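Here the structure is laid out as structure tokens; the discussion comes afterwards.
The values are calculated or read from the model by the stated rules, or taken from the named source; none is laboratory data. These numbers come from a predicted model, not from an experiment. For neighbour counting, all protein chains shown are included, and Cβ atoms are generated from backbone atoms with ideal geometry for every residue, glycine included.
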Amino acid sequence: MSQETGSRSLVKIVLAVVLSFLLYLTGIGTFFYILPLLMLDRRYPKRTTDTACVAALVLVLGRNIWLMRDVLDQVLTWAFIGVSMFMPLSLMLGAMVWVSRDNAESLFERVLLAFCPSVILFVAFELFLAFSPQTAAALVEAYSYAAADIMTAFIPVDVSALGGFIQVLLFAIVTLVLPIVFVNFIAVTFIYEACTHPGSEEFENSVRSFRVPEWFLYLFLSLWALVLVFSFVSVPLPVVALVLTLALAASLMYGLQGFAILCHGIHSRGGRITSFKLACWLFMLILVLQVVNIILILLLCLLGVLENWVRLRKPGEFSNEDHS
């Protein structure tokens, strides 16, 4: 590689890192901030992509530390930093696993392995709070006050009247964090793969042939059975939150299978819409039709679960069958 070519490559890599960091700062762009770094994988070695990912993470962490530089001597400050770093760290680690497992045996395996860092981080943070009850209580109190301030700005009511509702709201947010990270990661990697495989029938086949293995059904049913048991048996709230969030994430995995079945059904009936265009249409429906968005997501999840008992796609129907 010539010095000029090497310098040009270095500039492109640095620009990708800076663009990723700027996306993180824009609010909504946070959900897509790993996309510029994923794009590096097509042109550079995986080690280069990993280095760029680490550099972007350092910038994000540095910003969060700088914002709280006046109170870094408090444990609660680092707990807040940990909370703020959960999503960017989960997405970035998932991206690093994704690009390193492009030779995975199945698409399901690749998705599952890329999501594992998020689950590990979530469990680790819950364990930290379980062994640091004072820090956990201080976090809950701080976020409760923040939620109360936001709500009272729009609803002129006494803060004391919102106590129970705020607790339920915080519990809902905690249980939805992992599913949101999962959806976020799948959306970004799907955009990345669709953009780097334009018009590829092999890519379309890999989407339409996505399958969740049979053993996953037992995990899925066990998690929801535990959620049902917890509604009758008193257990610590962090345990309930952990099991419920894993059950929701498992349901979304079947939602991916439901989407694959939908793609297959349209294609088998002569439809020429690509999986990316179909995903865009579904996203618009979910975004615009606020009344039915949950119903649509549930239908995709149920469609995916249903294939465990009803054959909706014939085995071996695809040239690159996903043998999960």
Based on this model, can you work out whether residue 222 counts as hydroxyl-bearing (Ser, Thr, Tyr) and at pLDDT below 90? no
Selection from segment 60-82 of residues modelled with pLDDT of 90 or more, surrounded by fewer than 16 Cβ atoms within 10 Å (Cβ to Cβ) and more than 17 Å from residue 142 (Cβ to Cβ) yields 61, 62, 63, 65, 66
Scan (1) at pLDDT below 90; (2) surrounded by fewer than 17 Cβ atoms within 10 Å (Cβ to Cβ) for the single condition residue 267 breaks and write down its number. (2)
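Is it true that some residue in segment 22-31 is over 21 Å from the mean Cα position of the chain (by Cα) and without any contact (Cβ under 8 Å) to a residue 40 or more places away in the chain?
No, segment 22-31 has no match at all.
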Among the listed residues 212, 207, identify the single one that is touching a Gly at 6+ places or on another chain (Cβ under 8 Å) and either in contact (Cβ under 8 Å) with a residue 40 or more places away in the chain or in a helix (DSSP H, G or I) (or both). 212
Looking only at segment 101-124, which residues are part of a helix (DSSP H, G or I), buried (at least 17 other Cβ atoms within 10 Å of the Cβ), in contact (Cβ under 8 Å) with a residue 24 or more places away in the chain and not aliphatic (A, V, I, L, M)? 108, 115, 117, 118, 122
Evaluate the following for residue 302: is it under 30 Å from residue 198 (Cβ atoms) and of a type outside the set (Val, Ile, Thr)? no
How about segment 194-209: which of its residues are buried (at least 18 other Cβ atoms within 10 Å of the Cβ) and either aromatic (Phe, Trp, Tyr) or over 16 Å from residue 272 (Cβ atoms) (or both)? 203, 206, 209
May I ask you to verify whether residue 223 is under 21 Å from the mean Cα position of the chain (by Cα) and surrounded by 10 or more Cβ atoms within 10 Å (Cβ to Cβ)? yes
Which is out of contact with any Pro (no Cβ under 7 Å at 6 or more places or on another chain), of a type in the set (Gly, Ala, Ser) and farther than 17 Å from residue 193 by Cα, of 90, 106, 100, 84? 84
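Under 23 Å from the mean Cα position of the chain (by Cα), hydrophobic (A, V, I, L, M, F, W, C), surrounded by 16 or more Cβ atoms within 10 Å (Cβ to Cβ) and at pLDDT 80 or above: is that true of residue 128 in this structure?
For residue 128, the condition - under 23 Å from the mean Cα position of the chain (by Cα), hydrophobic (A, V, I, L, M, F, W, C), surrounded by 16 or more Cβ atoms within 10 Å (Cβ to Cβ) and at pLDDT 80 or above - is not met.
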Please note which helices (runs of 4 or more DSSP H) are completely contained in segment 1-96 and include at least 1 residues that are more than 19 Å from residue 187 (Cβ to Cβ). 3-25, 46-67
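For every residue, the table says whether it meets (1) closer than 20 Å to residue 100 by Cα; (2) within 23 Å of the chain's Cα centre (by Cα); (3) modelled with pLDDT of 90 or more.
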{"site": "156", "(1), (2), (3)": "no, no, no"}
{"site": "159", "(1), (2), (3)": "no, no, no"}
{"site": "168", "(1), (2), (3)": "no, yes, no"}
{"site": "173", "(1), (2), (3)": "no, yes, no"}
{"site": "176", "(1), (2), (3)": "no, yes, yes"}
{"site": "180", "(1), (2), (3)": "no, yes, yes"}
{"site": "189", "(1), (2), (3)": "yes, yes, yes"}
{"site": "203", "(1), (2), (3)": "yes, yes, no"}
Residue among 251, 275 that is farther than 27 Å from residue 201 by Cα and of a type in the set (Gly, Ala, Ser): 251
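Conditions tested, residue by residue: (1) under 30 Å from residue 140 (Cα atoms); (2) in a helix (DSSP H, G or I).
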{"position": "246", "(1), (2)": "yes, yes"}
{"position": "265", "(1), (2)": "no, yes"}
{"position": "273", "(1), (2)": "no, no"}
{"position": "285", "(1), (2)": "no, yes"}
